[in-house]
């Protein structure tokens, strides 16, 4: 077990109707004006916008709005938010939505307090010194952004999907009401399941030092995701399944599964980010395509852990069968498992690999992940 | 899954030599004078005292000392610490030791900022409004106090072993260097293992609503404790086993296994606290006696979960066998499993049950845990 620091100061308020306390929580922090970020207008038709703004009003909190944040959130929209936050002198950012909205909010929270071009932080050219306080009300369980210091944004002009990490962008409070995720359609539920599994298997398979306890936690998360996804695809009204799904999504990327296991790689995310940067497909869908392809290429480098995975998750006794079963399960829940299924032809592999190889250089993973290797992985897909 | 709030702001610094950063960490918080709490003089002979004070000195941090804190820490010593903290106007409390030292430090941190008799907080007669910042360097992995808001103290005059809980007494920083626990003798290692298991099975068996994910986390912790205890009893030098043991001890009582499962009972601790309040036996030893006796009495009230426990932990297919196996394992690692083994005769059962029944009233558990029921449980032991 390697040395580590673990510090996750985010407060979670979990349960039915918790969105109604947002005004009180923000007021308790002596904040009187926020930037309210959201995506589509759906939150207006389903009543959430009304609840949130009523809660703010009740405590005398003023707000300005940034709407229209899309999946694979874009730098142009983030820059619009930064300008607005500065102009309006807001004291905090409130995200209402999924990971894309929250990641945009986090980036705005950074940009609002620095003079730099915010993309400099993504390129590693500048260091995040501070950020406005961030509050979140989640409507999708998947990215884990609600309890970590990561944000992923796409620089649309440069076709770069990169991330930042800082202790300053852990949300101060994240509200997780599983009922708010009920309107997520089945295909996006499946993509979310893939995303959660992706978050934990990256470390599970690539860690230089993987304690048994951490492996057990990862297996617990995967088992729970699979079990609850299957329930929810049949019965979206099952609250307990939805609540467990929501909570494991948070646990999957809050640092607890990787404490003591570092260094770990993040190759599937790295490759997928190029896929969704270039083709704008859903992140979880891209991961479902990349993961089995990557596993097929990588498993001989950590045979014991791949055998363990096959045994614990699928009751199979060899690594290859574990990979086959996972791919089969992805397909069963409705996620694509080949590039062909999302209409990306073999001709595009070179461009994707070229883009991902740039990320690999940025992430310090270029020794293992050359363009050639990434091409070979993608040909498995 | 029931609604919950999860907020654990404690920072963990985990690994070899981390005790040397304590001065820098305290200085970063602009603290210039601390109360240094510890137990025996052992930390002076093994070099830890020297390292810690050198680290404080290097950053110009002054300190006063409270030493001689014992297991089942006493209110008289805590009151001595409170008086000293007030007189010397310290700005923080630094605990160097195990759970008893840290729990005393937490209570001193509360008492130093209030006018009340500190025992009022334990009796529920007063509310904790604030506390001095608490820093910890752990030399024993067992109680989980390093990452939670609990403290247990014994009022020696009244023979009451009670607890407090407050958001204000989460340590600001806990340093966990597994190597500092190397001198713990085998019997105390065994008691610690029992204590960790006790922390997670209370909720596992008593929760009104136990999500599968939480059960899986508990099972992961128990499996890891058992595996690493067996390794360490044979080879105390195994760093990885010691590190995993240390980390699961923290995970076992930091709120993560019970989030969403409440309300849970804490009956084994409640009964054991009376045992150790009256007979001053080691807490983990008392738990090893109480747990199988309680399980034998309770298992028919939650048969599915007891069957699950037998299956997942011991590969057995009925509840009774699970209890037998756990008791056998406690005995194998060197923990007592009957009152007789710690020289407590059946004549004393009435007095222990009387004391525990008072705790049950205080904990709001007296409907289920009458004196009569507690006597019946103890007769199983």
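Read-outs throughout are calculated quantities, based only on the coordinates presented, and are distinct from any laboratory measurement. As the structure is a prediction and not an experimental result, all values here were calculated from the model. Virtual Cβ from ideal backbone geometry, glycine too; neighbours counted across all protein chains shown.
Give the angle, between 0 and 90 degrees and rounded to the nearest 10, that separates the Cα long axis of helix A:349-363 from the longest principal axis of the Cα atoms of chain A.
Tilt of helix A:349-363: around 70 degrees.
Find, among the residues of chain A, the one whose Cβ sits nearest the axis of the rotation taking A to B; state the distance in whole Å.
A:9, 2
Using Cα springs under 10 Å in a Gaussian network model of chain A, which residue among A:145, A:343, A:174 shows the largest mean-square fluctuation?
The residue that fluctuates most here is A:343.
Can you list the copy-to-copy distances for residue B:28, using a point 7 angstrom from Cα toward Cβ, in nanometres, shortest first?
Here the equivalent label points are 2.5 nm apart from this one.
Residues of region A:266-287 with backbone nitrogen within less than 19 Å of a virtual label 7 Å along the Cα-to-Cβ line of residue A:157, please, listed as ranges.
Correct set: A:277-278.
Among A:193, A:331, A:92, whose mean-square fluctuation peaks in a Gaussian network model of chain A (Cα, cutoff 10 Å)?
Of A:193, A:331, A:92, the Gaussian network model singles out A:331 as fluctuating most.
Rounded to whole Å and sorted largest first, list the principal axis extents of the Cα atoms in region A:185-379.
Principal-axis extents of the Cα atoms in region A:185-379, largest first: 44, 37, 30 Å.
Which value in deg cm²/dmol, rounded to the nearest 500, describes the helix-derived mean residue ellipticity at 222 nm for chain B, given -39,500 (n - 2.57) per DSSP H run of n ≥ 4 and division by the residue count?
-15500 deg cm²/dmol
Restricting to bridges with both residues inside the protein assembly as shown, how much of the DSSP beta-bridge set is antiparallel, in percent to the nearest 5?
Numbers: 18 of 66 bridges.
So the antiparallel bridges in the protein assembly as shown amount to around 25 percent.
Counting every Cα pair in region B:148-214, what percent are over 13 Å apart? Walk me through the intermediate numbers first.
Values: 1749 of 2211 pairs.
Percent of Cα pairs beyond 13 Å in region B:148-214: 79.
Pick from A:212, A:163, A:273: which is most flexible by mean-square fluctuation in a GNM of chain A where alpha carbon atoms under 10 Å apart are linked?
Fluctuation is largest for A:212.
Give, as ranges by residue number, the residues of region B:247-267 whose backbone N falls under 19 Å from the point 7 Å along Cα→Cβ of residue B:380.
B:264-267
Put a label point 7 Å from Cα along the Cβ direction on residue A:44, then list its distances to the equivalent points in the other copies in nm, shortest first.
Listed shortest first, these distances are 7.3 nm.
On a 0 to 90° scale, report how tilted helix A:239-251 is relative to the longest principal axis of chain A, with both axes built from alpha carbons and the result rounded to the nearest 10.
Result, in degrees: 80.
Please report, in cubic angstrom per residue, the volume enclosed by the convex hull of the alpha-carbon atoms of chain B. Don't skip to the end; give the middle numbers.
Values: hull volume 48.2 nm³, N = 381.
Measuring per residue, one finds 127 Å³ for the Cα hull of chain B.
Rounded to the nearest 5, what is the percent of antiparallel bridges among the DSSP beta bridges in chain A?
The antiparallel proportion sits near 20 percent.
Can you tell me, using C-alpha contacts under 8 Å and at least 6 residues apart, the relative contact order of region A:185-379 as a whole percent?
In percent, rounded to a whole number, it is 24.
May I ask you to report, in nm to one decimal and beginning with the shortest, the distances from residue B:354 to the same position in the other copies, taking label points 7 Å along Cα-to-Cβ?
For residue B:354, the inter-copy label distances come out at 8.7 nm.
Could you check the simple spin-label distance between residue A:117 and residue A:44, using points 7 Å along Cα→Cβ, in nm with one decimal?
Each label point is offset 7 Å from its Cα along the Cβ direction, giving 3.4 nm.
Under the rule a/c < 1.5 gives rounded, and otherwise a/b versus b/c splits prolate from oblate, where does region A:10-91 land using the Cα gyration tensor? Write out the running numbers ahead of the final one.
Details: a/c = 1.77, a/b = 1.24, b/c = 1.43.
Oblate, because a/c is 1.5 or more while a/b does not exceed b/c.
Set the Förster distance to 41 Å, then compute FRET efficiency between residue B:62 and residue A:79 from the Cβ-Cβ distance, nearest 0.05.
For residue B:62 and residue A:79, the calculated efficiency is 0.25.
Given R₀ = 45 Å, FRET efficiency for residue B:321-residue A:208 by Cβ-Cβ distance, to 0.05?
FRET efficiency, residue B:321 to residue A:208: 0.70.
For region B:11-180, divide the Cα radius of gyration by the Kirkwood radius and give the resulting Rg/Rh value with two decimals. Don't skip to the end; give the middle numbers.
On the way: Rg = 14.6 Å, Rh = 15.6 Å.
Radius of gyration relative to Kirkwood radius: 0.94.
Per 5 Å bin, what is the whole-percent P(r) computed from every C-alpha pair distance within region B:310-376?
Going from the shortest bin to the longest, the percentages are 4, 16, 15, 13, 17, 21, 12, 2.
How large is Rg/Rh for region A:267-352, to two decimals, with Cα atoms and a Kirkwood Rh?
Here Rg/Rh amounts to 1.00.
So for region B:80-135, what are the equivalent ellipsoid semi-axes in whole Å, largest first, each being the square root of 5 times an eigenvalue of the Cα gyration tensor? Provide the component values of the computation, followed by the final result.
Values: eigenvalues 60, 37, 18 Å².
Its equivalent ellipsoid spans semi-axes of 17, 14, 9 Å.
Take the Cα atoms of the protein assembly as shown, build their convex hull, and give its volume per residue in Å³.
Spelled out: Cα convex hull of the protein assembly as shown, divided by residues, is 160 Å³.
If each of residue B:233 and residue B:300 carries a label point 7 Å out from its Cα toward its Cβ, how far apart are those two points in nm?
Going from the residue B:233 label point to the residue B:300 one covers 3.2 nm.
Please compute the alpha carbon radius of gyration of region B:153-271, then divide it by the globular-protein estimate 2.2 N^0.38 Å. Two decimals is fine.
1.15
Over chain B, what is the relative contact order in whole percent, taking alpha-carbon pairs under 8 Å and six or more residues apart?
Values: 711 pairs, mean separation 59.0, N = 381.
It comes to 15 percent, rounded to a whole number.
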